[in-house]
1. Please compute the modelled spin-label separation between residue 103 and residue 44, points set 7 Å along Cα→Cβ, answer in nm with one decimal.
2. With Rg and the Kirkwood Rh both taken from Cα atoms, where does Rg over Rh land for the range 53-98?
3. If we count other beta carbons within 10 Å of each Cβ, what is the order of 73, 64, fewest first?
4. With every atom except the alpha carbons ignored, what do you get for Rg and Dmax of the range 9-96, in angstroms?
5. Most exposed first by the Cβ proxy, i.e. fewest other Cβ within 10 Å, how do 29, 95, 54 rank?
6. If each residue's Cβ is checked for other Cβ atoms within 10 Å, how do 6, 62, 87 rank with the fewest at the top?
Amino acid sequence: MEELIEKYPAIDPEDESVQEIMEALRLKFRAVQLERLLRDKDKYIEIELQLCNFDRCRKLYEKYLEWSPENCYAWSKYAELERSLAETDRARAIFELAIAQPALDMPELLWKKVNLRNQENCIRDS
């Protein structure tokens, strides 16, 4: 900030429009950092999956969801992990926890997965 003030002395840091611009830049920077962090988490989980460290994957998904409970993609991937390990009760519980969240970024993704699971169960039971 000091460098900008020295470089552009006409900019008054107390000016409300300058403060708005700076806040917008801070928000943009945070969004870029968040996007990178989410990509890194997905890569890390994928590596643990390839190493068959399933308990570690569970821990990573739990931390991921503590940090971003509205993320339907993460809930869905976590439930799919449990389903792939034949842990259907755990997968069902994860979907139930996901649906119970007060705010979700893509609830239709979860409902689609839940409906597919219900259809699979109906076909298997008949």
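1. Calculated label separation equals 2.3 nm.
2. Values: Rg = 9.6 Å, Rh = 10.3 Å.
So for the range 53-98, dividing Rg by the Kirkwood Rh gives 0.93.
3. Working: 73 15, 64 22.
Ordered from fewest to most neighbouring Cβ atoms within 10 Å, 73, 64 come out as 73, 64.
4. For the range 9-96, the Cα radius of gyration and maximum Cα-Cα distance read 19.3, 65 Å.
5. Values: 29 10, 95 21, 54 15.
Lowest count first: 29, 54, 95.
6. Details: 6 8, 62 11, 87 16.
Ordered by Cβ neighbours within 10 Å, fewest first: 6, 62, 87.
FYI, it's all coordinate maths here, none of it is from the lab. From a predicted model like this one, the values you see are computed outputs, not experimental measurements. Because the Cβ atoms are built from the backbone with ideal geometry, glycine has one as well, and the counts that use them run over all protein chains shown.
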